[in-house]
1. Roughly what % of Cα-Cα distances in region B:196-258 sit above 14 Å, to the whole percent?
2. So how far, in whole Å, is the C-alpha centre of region A:1-54 from the one of region B:41-72?
3. Can you tell me what share of the DSSP beta bridges in region A:7-82 is antiparallel? A percent to the nearest 5 is fine.
4. If I model the protein assembly as shown as equal point scatterers sitting on the Cα atoms and use the Debye formula, what is log10 I(q)/I(0) at q = 0.08, 0.12 Å⁻¹?
5. Using only Cα atoms, what is the ratio of the radius of gyration of region A:131-175 to 2.2 N^0.38 Å?
6. Using 1/(1 + (r/R0)^6) with R0 = 60 angstrom and r between the beta carbons of A:Cys152 and A:Lys273, what's the FRET efficiency to the nearest 0.05?
7. Put one equal scatterer on each alpha carbon of region B:99-176, apply the Debye formula with no solvent term, and list log10 I(q)/I(0) at q = 0.13, 0.14, 0.21, 0.22 1/Å to two decimals.
8. With contacts defined as alpha carbon pairs under 8 Å and 6 or more residues apart, what's the relative contact order of region B:139-282 in percent?
Number of protein chains: 2
Amino acid sequence: MEIILAKNAGFCFGVKRAIKIAFDAAEEYKEGIYTLGPIIHNPQVVEKLETKGVKNIDSPAVLSKGVMIIRCHGAPSPRIIEDAEERGIKVLDATCPFVKKAQRYAIKLYEEGYQVVVAGDKKHPEVQSVLGCIDGNGYVVESPEEIADMPCRRKIGIIAQTTQSYSNFSKIVVELLKNAREVKVFNTICDATTLRQEEAEDLAKKVDFMLVIGGRNSANTTRLAQLCRESCKRVYHIEVAEEIEEGWFDGVEKVGITAGASTPLWIIEDTVKKLKEINNKG
Amino acid sequence: MEIILAKNAGFCFGVKRAIKIAFDAAEEYKEGIYTLGPIIHNPQVVEKLETKGVKNIDSPAVLSKGVMIIRCHGAPSPRIIEDAEERGIKVLDATCPFVKKAQRYAIKLYEEGYQVVVAGDKKHPEVQSVLGCIDGNGYVVESPEEIADMPCRRKIGIIAQTTQSYSNFSKIVVELLKNAREVKVFNTICDATTLRQEEAEDLAKKVDFMLVIGGRNSANTTRLAQLCRESCKRVYHIEVAEEIEEGWFDGVEKVGITAGASTPLWIIEDTVKKLKEINNKG
């Protein structure tokens, strides 16, 4: 069985940066360190941080002092940061710079009078952080089919969740443009996402089994698995190597591996190792 | 044989308005009346105007006095109008108000620093008139395939030829958005075009023969015929009823008729009459 690992699998720039901020904070402050929501969508990384004393909280209201880290996906609203700082909490902002850019574009579009539409997952914290920058004054659209229910607007401003697939994003743009007079679009899909998705799609076409590694709560990993399913019949989304069962690979000649932006290298390496062991037995 | 005439066949608002301006001018000025290029893309209407003394010229340079009518598609550039007026020529502007709107959007996008792209036919006078408003500083793209050759720009402003098909327009937008960071789109396809195209497509699916009537130099009629060909195997593009041959309809049960925006009612009526005659014989 041939094992092919995608070049662009695993941590992206924004995730690496966020994790570094969290581990550095653990080193510097020793205690009273919190992340507002999981720093990235990977339970194994979050667990590691906990062992270093970095705890996950859902609301800054529970804090009266200490260090609060804004996760990779951003804060639910800029006011949460201001309020915390006013109360003497030290805030470290680990928001991905590409998410920051999407937030700025949302504000710009809103200020220019556009009806803001975010092409993304309604409940995803990144999307929520973007909406939070414009006081919730935007629509979130997950698929082109949802647009029929949106009140018709003449001027629509569109941005994408940074991990959106271009194919879905462009379908949403086309659907919105149909009934609008003017549409202004910022393509905020980050380059790392595009690269990872394109490579995964190519790989999925060449193999008879795809393993997609990443948190089950990770939107970008889930989307990666979806994209692979369009080209490959057997696609498994796993979080850790331990989930792999030997029987999966009976008759498999080529297996492809990719991983979401929030999947750490050690989990990818464990997976490759496990596959090699199965290979040697077979 | 059942004959079905599309509801939205023939003259649109802009064409009606332009023809009225020309015939009214013939009435009022009697002589020295010229159109800068054919007033609409229909040779039969142009011939009728000639009998009323309205002549077609290619350049205002040949004129030293008289009345010059700007055709439905607009003037090649605003300066041509200014120059003519300075030389004492009376200019009547029969540019379609929807084309005027596209011209204004092109200027706006250009002034805002966007690379202007017009989705349309490179040589079409409407597209040329839009480009003329921004001193030629725009690209014309006829199909998404052409975009690969365009230098990559971060900020792209897109408008459509008013008679463009939405399907082609949206494909061009999607292709441009791929490599741009920001795209601003004015959907300048006119409602009459959309309605006529949608109705023609529906009709083409229901019949076994489609007749599309209009000038062979009419881009919107040609596009109408193209769209019909996607759903109906036998589509004929004719200019006048005289072209129809009886043998065409052997074995035909349902024939659909539509006509371009520049096709006068009398030609549509002649066509229906001719078909009824063939029907009665058969």
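1. 50
2. Distance between centres, Cα-based: 73 Å.
3. On the way: 0 of 8 bridges.
Percent antiparallel among DSSP bridges in region A:7-82 is about 0.
4. Relative scattering, expressed as log10 I(q)/I(0), comes to -0.71, -1.12.
5. Values: Rg = 10.9 Å, N = 45, 2.2 N^0.38 = 9.3 Å.
After normalising by residue count via 2.2 N^0.38 Å, the value is 1.16.
6. Working: r = 55 Å, r/R0 = 0.91.
Calculated value: 0.65.
7. For region B:99-176, the Cα-only Debye profile gives -0.32, -0.37, -0.88, -0.98.
8. Details: 198 pairs, mean separation 30.4, N = 144.
So the answer I get is 21 percent.
None of the figures in this text is laboratory data; all of them are computed from the coordinates on show. From a predicted model like this one, the values you see are computed outputs, not experimental measurements. We place every Cβ from the backbone using ideal geometry, glycine too, and count neighbours over all the protein chains shown.
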